[in-house]
Amino acid sequence: MYAAALLILAAPLFAQPVVGAHAGVVSFAIGKVYLDNQAIDISPTHFPEVKEKSVLRTEGGRAEVLLNPCAVLRVDEDSSIRMLDTDLLHPRVELVGGSAVVDMPGIRKGSDVRLQLNGAAVELARKGTYRIDYSPALLKVYDGRASVERNDGKIEVAAGRTLAFDSPAPEKFDVRDGDGLDLWNHRRAIVLARARGRRQLSMIDLAQAAHTAAWDASVEGPGGMQRIDPVPRRSAPGTFSRAPLDMGCKF
């Protein structure tokens, strides 16, 4: 019965050929999440957009923001981001506080994602998984390659390397280690890849797939289907595989 209900819910969602023209569609949120200090409300037919200069803030919750069909920004608990540019080919985001992960299972030729943090600019032009922290200012490249431009020049950060923004050079780190944000990002990447499959989806269709993917956080229990808390706490350590998740990205 559960599977049938899910099919009934999902069927009309993917049939609507609505195209999202800008970066910043909030596809999933849990806990307290605010857009310009207004609590956001997400439904299968309504997905808020973080417009240019708008600020998305979390309080004990997390949020997933689509930058384009190939890039997802996942914002940690007690964190803030400001949207600087909503161009799908060159979205630009500033981390105002806390932590965030950019997951890019694919990339369109000639496109990139740019992040700003404490006066430094981070360019992501290869598919991969990237994490930035505000304090202390830090970049981790789990997979892919990033360029960081600071006052003292540009630094390349390869996969398996982390760069403290006050450090002269990147250092190695264990990509298998992760805290609550890393675990949540990994779980969301899996359920979104499963929901999408190999289909070419618009931004809104992808948001609907991401929203529906939240149903994956359910298990069969003594009283029927039960939800599992899909947000591991920040303090929860973990070790897991980081095999790339190809979502068949096209746009």
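Derivation of every value follows stated rules applied to the coordinates shown; laboratory data play no part. None of the values given here were measured: they were computed from a predicted structure. Cβ placement follows ideal geometry from the backbone for every residue including glycine, while neighbour counts extend to all protein chains displayed.
Things to note:
- Relative protection proxy for 105-112, 144-151, 178-185, from highest mean packing down: 178-185, 144-151, 105-112 (other beta-carbon atoms within 10 angstrom).
- Stretching the chain fully between residue 37 and residue 171 yields a gain of 44.5 nm (0.36 nm per residue, less the alpha carbon separation).
- Partners of residue 154 within straight-line reach, counting lysines whose Cα lies under 23 Å from its Cα and excluding those fewer than 8 residues away in the same chain: 109, 127, 140, 172.
- Taken along the Cα-to-beta-carbon direction at a fixed 7 Å, the label points for residue 21 and residue 52 span 1.3 nm.
- Extension gain for residue 90 to residue 109 (0.36 nm times residue separation, less C-alpha to C-alpha distance): 5.7 nm.
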